[in-house]
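Colleague: Attaching a single structure in C-alpha cells format; questions to follow.
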Amino acid sequence: EEINSSNSNLKKQTKNFKDLIIVAGHSVYIGLNFERNFTQLKDSWYLESTQLKQLPTFLAHIKAGVIQTILNPSSILIFSGGQTRLEAGPRSEALSYWMVAESNDWFGFKQIARYRAHLEEYARDSFENLLFSICRFKEITGYYPSNITIISFSFKKQRFVELHRAAIKFPISKFNYIGIDPQYLYENNQLLLDIQKKEYENAASLFKNDPYGCKSDILVNKKKTRDPFNRSIPYINSCNEISKLLEYCSNSIFGGCLPWIPNCVA
C-alpha cells in the first residue's frame, strides 16, 4: 500500500511534464569520492582505451542535460545506462551520471533540476537508451512523452535520429538531438573522419540492417557483454501498451500501433 501511495504521489508531482530529455550514458564511475574534483579524474571512471580522452565530453553531456531541463519547464531528465561493466561492480552508468550532477551541485540549478532528474538503469545499447527511457518516463508520469531530446555525441546523430527513432516510429517533428563531441576531433580532421567511419562500420550499418539489435551477432553479443550481472528487463509490465514493441525482433520495422502515433489503425 505504501508503494502504491508513493507511485501515486510521484505521478501527481509530474502530471504537468510532457517532454523527455535523455542523456545517454557511456561509462561507470568507479571512484569512492564524489567530490567535484574527483569526478573529473580519469582514474575515477571505468574507461575503455578509446574513451581516455572523452571524459570532459561525458561531463559536458551531463551538464547539457541539466541545462536543457531548466530551459524546458515541461521536461523530465533521464540519465540512461545500465550496470555495464563487471570490473566496475553493480553500479550503473545512469547513477554515475546522476552522482556527478549531484557533486557539481546541479551546475547551479539544484532546487529545480535535482527533483526532475531520474534514472533508467537497464539500457545496454543506444537503442535501449531511447526505448527504455521512454518506458521510464511512462513509469514516472503515467503517460508517454510528447517530445524527446537526446544528448550524446554528434557522430551518433544518424544512429539515433535516422535509425532508432525510425525503428520506434516516433515523429521526427517531435524529436530533437543535441550532439557534443570531444574538442580534439575538430582539431584533427582525420581523427573526425576515422571516428565517423568506425561509427558507421561498428554501429550504424549494423542497426540499419537490424533495427532492433536482436539478430546481428555483433549487436547481440555487445548487449550480453554489457549485462555482466544478468539483470532482467522490467519494462514489459509497466509499459504494457508497447509490450509488443519491446518484444519485437525483426529486420522489418514494427507494424503495430504505438501511443505516440496519432489516429493509428493497426
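The values are calculated or read from the model by the stated rules, or taken from the named source; none is laboratory data. Every value quoted in this text rests on a predicted model; they were computed, and no experiment measured them. Positions of Cβ are backbone-derived with ideal geometry, glycine not excepted, and every protein chain shown enters the neighbour counts. Heavy atoms of the whole protein, side chains included, go into the accessibility calculation; ligands, DNA and RNA do not. Shrake-Rupley method; radii C 1.70, N 1.55, O 1.52, S 1.80 Å.
Colleague: Taking the range 18-39 only, how many residues are open to solvent by 70 Å² or more (accessible area, probe 1.4 Å) and at pLDDT 95 or above?
Modeller: 1
Colleague: Then there is this: Among the residues of the range 40-56, which ones are under 18 Å from the mean Cα position of the chain (by Cα), assigned to a helix (DSSP H, G or I) and buried (at least 19 other Cβ atoms within 10 Å of the Cβ)?
Modeller: L55
Colleague: Could you list all residues from the range 174-209 that are open to solvent by less than 80 Å² (accessible area, probe 1.4 Å), without any contact (Cβ under 8 Å) to a residue 40 or more places away in the chain and not in a helix (DSSP H, G or I)?
Modeller: Selection gives F175, N176, Y177, G179, N188.
Colleague: Let me ask something additional. Please verify whether N263 is assigned to a loop (DSSP other than H, G, I, E, B), open to solvent by 90 Å² or more (accessible area, probe 1.4 Å) and either of a type in the set (S, T, N, Q) or under 25 Å from E121 (Cβ atoms) (or both), treating the condition exactly as stated. Write out each step before concluding.
Modeller: On the way: assigned to a loop (DSSP other than H, G, I, E, B): yes; open to solvent by 90 Å² or more (accessible area, probe 1.4 Å): yes; either of a type in the set (S, T, N, Q) or under 25 Å from E121 (Cβ atoms) (or both): yes.
It is true that N263 is assigned to a loop (DSSP other than H, G, I, E, B), open to solvent by 90 Å² or more (accessible area, probe 1.4 Å) and either of a type in the set (S, T, N, Q) or under 25 Å from E121 (Cβ atoms) (or both).
Colleague: Looking at the range 2-17, is at least one residue farther than 18 Å from F153 by Cβ and modelled with pLDDT of 95 or more?
Modeller: Yes.
Colleague: Any idea which of (1) under 25 Å from V23 (Cβ atoms); (2) open to solvent by less than 80 Å² (accessible area, probe 1.4 Å); (3) touching a Gly at 6+ places or on another chain (Cβ under 9 Å) is the one Y248 doesn't satisfy?
Modeller: (1)
Colleague: Now for a different question. List the helices (runs of 4 or more DSSP H) that sit entirely inside the range 98-173 and contain at least 2 residues that are open to solvent by less than 50 Å² (accessible area, probe 1.4 Å).
Modeller: It comes to 126-141, 165-168.
Colleague: Against the definition (open to solvent by less than 30 Å² (accessible area, probe 1.4 Å) and in contact (Cβ under 8 Å) with a residue 12 or more places away in the chain), how does Y212 come out, yes or no?
Modeller: Yes; evaluated as a whole, the condition is true for this residue.
Colleague: Something else now. Just to be sure before I move on: is F137 closer than 17 Å to L258 by Cβ and touching a strand residue (DSSP E or B) at 6+ places or on another chain (Cβ under 6 Å) in the structure I sent? Let's see the steps before the verdict.
Modeller: Working: closer than 17 Å to L258 by Cβ: yes; touching a strand residue (DSSP E or B) at 6+ places or on another chain (Cβ under 6 Å): yes.
For F137, the condition - closer than 17 Å to L258 by Cβ and touching a strand residue (DSSP E or B) at 6+ places or on another chain (Cβ under 6 Å) - is met.
Colleague: Here is a further query. Within the range 40-81, track down each residue that is in contact (Cβ under 8 Å) with a residue 12 or more places away in the chain, closer than 24 Å to Y143 by Cβ and not polar (S, T, N, Q).
Modeller: Once the filter is applied, which keeps residues that are in contact (Cβ under 8 Å) with a residue 12 or more places away in the chain, closer than 24 Å to Y143 by Cβ and not polar (S, T, N, Q), the range 40-81 yields G65, V66, I70, I76, L77, I78, F79, G81.
Colleague: So which residues in the range 140-195 are of a type in the set (A, V, I, L, M, F, W, C) and under 22 Å from L245 (Cβ atoms), if there are any at all?
Modeller: If we filter the range 140-195 for residues that are of a type in the set (A, V, I, L, M, F, W, C), which is where we start, we get 140, 148, 150-151, 153, 155, 160-161, 163, 166-168, 170, 172, 175, 178, 180, 185, 191-193, 195.
Hits for the range 140-195 are I140, I148, I150, F160, V161, L163, A166, A167, I168, F170, I172, F175.
Colleague: Please indicate, with yes or no, whether at least one residue in the range 82-93 is of a type in the set (G, A, S), surrounded by 16 or more Cβ atoms within 10 Å (Cβ to Cβ), more than 26 Å from D227 (Cβ to Cβ) and touching a Lys or Arg at 6+ places or on another chain (Cβ under 8 Å).
Modeller: No, there is no match, as no residue in the range 82-93 is of a type in the set (G, A, S), surrounded by 16 or more Cβ atoms within 10 Å (Cβ to Cβ), more than 26 Å from D227 (Cβ to Cβ) and touching a Lys or Arg at 6+ places or on another chain (Cβ under 8 Å).
Colleague: Further question: Scan the range 77-94 for residues that are in contact with a strand residue (DSSP E or B) (Cβ under 6 Å, 6 or more places away or on another chain) and of a type in the set (A, V, I, L, M, F, W, C) and jot them down.
Modeller: L77, I78, F79, A88, A94
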